[in-house]
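The values are calculated or read from the model by the stated rules, or taken from the named source; none is laboratory data. Computed from a predicted structure; not experimentally measured. We place every Cβ from the backbone using ideal geometry, glycine too, and count neighbours over all the protein chains shown. We work out accessible area using only protein heavy atoms, side chains counted, and drop any ligands, DNA or RNA first. Shrake-Rupley method; radii C 1.70, N 1.55, O 1.52, S 1.80 Å.
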Amino acid sequence: MKFEDVLLEIGGFGRFQILILFTLCLPRINLPMHFLLHNFLAATPSHHCAIPHQEAFVNLTMEQVLLISIPREPDGTFRSCEMFSEPQFHLLLNSSLQPENNSIIQHCQHGWVYDHSQFTSTISTQWDLVCEQRGLNQATATFFFIGVTMGAVVFGYLSDRFGRKSMLLLSLVCSVIFGMLSAASDSYSMLAITRTLTGVALSGVSLIILPLGMEWVDIQHRTFSGILTSIFWSVGNMLLAMVAYLVREWHWLLVAVTGPCLLSIVCLWWVPESARWLIANGQVKRAQRHLLRCARMNGRKDFAISPEEDVPLSMYSQRIVLQWEHKKPGESYSYMSLFRTPVLRKISLCSGAVWFGVAFSYYGMSMNLTGFGLNMYLSQFVFGIIEIPAKMIMYVLVNRVGRRQSQAWALILTGLCIGANIIIPKPFTSLRSVVAIMGKAFSEAAFTTVYLYTSELYPTVLRQNGMGYTSFIARLGGALAPLVFLLDEVWRSLPEVTYCGVAVCCGLVAFLLPETLNVRLPEGIEDIE
């Protein structure tokens, strides 16, 4: 007897499940507002070296002071990180005669002046994370994703050990605390630490939402529930663009994106624990209460549980527990269980590679908002809105073509779009923007599919461990993605070549995974083997 048989009796997709899914979508909206916050939190406005005042500058305009104090790029713009050691007054007569002697050029000595027309302040302007300190600016995103990586391991284990709902609430509470501490940071070190801890906390939210919702719905609506949850990520993407447009000061921006977690905490008190998890851990009485509540809300009046009635739920649960390798109630599995048997080992290795490729390419594109010729707020909004039709198309494809083919080709096409923009000349901004938007759509399609696909590959007893492990690998990709931008100092197109190559290679690995279309969720390891 399978848990799906119980769901058929109580209603596998009724009012109860719909309310659960929409409630879980609230924290889902909040995730991209933190995961992609680096685009605005650490934005670097145009800047140049600060020029100390001199008596000789009294009768000069600011443009003339810059002309004699800062060397120019070949395109005529002032350099951001260099200045003349002495004013070059002869440039007032002929500004085209740029000095050929590099010995009179030096790095900025007195700080920087920033253009505040777009941002009131960012962490770049707050702590001068430009030029030689540019790496620290990019590292802020890496610190966050390192936290998400650690959180994936921690919450993957804890949610299998102590339950989905309790760990989801814990992660939201911690997200509020560390998010607000990030907003109050008065030093770069404090910000780096609190953003890392925020990443740890939010990883639990990212990890638990989809499996918790999916474990309450039947086979026929599993794909729909996964896509629905994923669409709200895109909604959060668009909301981030609007919030960042309205809030241009980084402290308040952090407050604005952290505050909604409080609403999620309040709403989640209604969401029940996963009945699958309760049965797996021998808590049959609690599972019975939730299942009865589900049946009544779904209008299944004939489903009742009382000592006098011959309700087969206890028998179902006993058989399920026995099927899970004679698992004793309370016994837990570890991450090592993912690699102990041959088929599960292959699934774990291949799914890890796919997750790395998906996250690496997705965040590589998402954190390059200024590289495609659009305004960064518009880019963020368009990147968010294009994800919704991509998810709709994937909803059809994963049910027609299957999970494996959809996953592989979405990731391969993402890499090809990134590669195409290496070849398309910079002046063709419209074409580059169209290709970038297509690539973002494929990238989001790959991300949507991998969440759904992975949750179906692992058995219930190891599902959260499996999601934790793959999320750990994905966050490694997310942590490395912003640092790859620094490779443009070696070769301007090297970051794009790297994103392209990784996406295509990891897409090919997806062909090695088994198909899960219309297959019951595996309950024990023997169901996989």
Which is farthest toward the positive dipole end of segment 44-189 among Gly151, Tyr188, Leu170, measuring Cα position about the Cα centre, with Cβ charges +1 (Lys, Arg) and -1 (Asp, Glu)? Leu170
Name the residues whose placed amide hydrogens come within less than 5 Å of the amide hydrogen of Trp112, ignoring near sequence neighbours (fewer than 5 apart) on the same chain. Ala50
Calculate one ³J(HN,Hα) per residue across segment 514-527 by plugging θ = phi - 60° into the Karplus curve 6.51 cos²θ - 1.76 cosθ + 1.60, and present them in order as whole Hz with x for glycine and proline. x, 7, 10, 4, 6, 9, 4, 4, x, 9, x, 4, 5, 5
Evaluate the distance, in nm, between pseudo-label points positioned 7 Å from the Cα of Leu378 and of Gln126 along their respective Cα→Cβ axes. 2.9 nm
So how tilted is helix 494-509 from the main axis of the chain? Cα-based, degrees 0 to 90, rounded to 10. 20 degrees
Taking 0.36 nm per residue of separation and subtracting the Cα-Cα distance, what length does fully extending Leu8 through Ser334 add? 114.3 nm
With just the Cα atoms of the chain, tell me how far they stretch along each of the three principal axes, in Å, largest first. 100, 43, 37
Once the dipole of the chain is set up with Lys and Arg at +1 and Asp and Glu at -1 on Cβ about the Cα centre, which of Met242, Phe383, Gly466 lies farthest towards its positive end? Gly466
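Using the Cα centre as the reference, give the magnitude of the dipole from point charges on the C-beta atoms of segment 396-529 (Lys, Arg: +1; Asp, Glu: -1; all else neutral), rounded to the nearest 20 debye. Walk me through the numbers before you get to the answer.
On the way: 10 positive and 10 negative charges, 99 e Å.
Result for segment 396-529 is approximately 480 debye, rounded to the nearest 20.
About its Cα centre, how strong a charge dipole does segment 47-114 have in debye, to the nearest 20, once Lys and Arg get +1 and Asp and Glu get -1 at the Cβ?
So the magnitude is around 60 debye.
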Could you go through segment 110-119 in sequence order and give the Karplus-derived ³J(HN,Hα) for each residue, using 6.51 cos²θ - 1.76 cosθ + 1.60 with θ = phi - 60°, rounded to whole Hz, and x for Gly and Pro? 10, x, 9, 10, 10, 7, 9, 5, 9, 10
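In whole percent, how big is the carbon plus sulfur part of the accessible area of the chain, probe 1.4 Å, protein atoms only?
65 percent
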Which whole-Hz ³J(HN,Hα) couplings does segment 292-300 yield from phi under the Karplus relation 6.51 cos²θ - 1.76 cosθ + 1.60, θ = phi - 60°, glycine and proline marked x? 5, 4, 4, 4, 5, 5, 8, x, 8
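What are the chymotrypsin sites (Phe, Trp or Tyr not before Pro) within segment 438-497 that DSSP puts in a loop, where the Cβ has at most 15 other Cβ atoms within 10 Å?
Hits after loop and neighbour filter: Trp491.
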Amide H of Gly282 versus every other amide H placed in the peptide plane: which residues, excluding those fewer than 5 positions away on the same chain, fall under 5 Å? Gly330
Can you list, by residue number, the Cys in the chain that have no neighbouring cysteine C-beta under 4.7 Å? Cys25, Cys174, Cys261, Cys267, Cys294, Cys350, Cys417, Cys500, Cys505, Cys506
Pairs Lys346/Lys440; Lys165/Lys301; Lys285/Lys346: which exceed 32 Å Cα-Cα? Lys285/Lys346
Per the Debye formula with a single identical scatterer at each Cα and no solvent contribution, what log10 I(q)/I(0) holds for segment 427-476 at q = 0.14, 0.19, 0.20, 0.29 Å⁻¹? -0.50, -0.68, -0.72, -1.02
Please identify every one of the GluC sites (Glu not before Pro) in segment 455-507 that sits in a loop by DSSP and has no more than 16 other beta carbons within 10 Å of its own beta carbon. none
Degrees, to the nearest 10: 463-484 long Cα axis against longest axis of the chain: 10 degrees
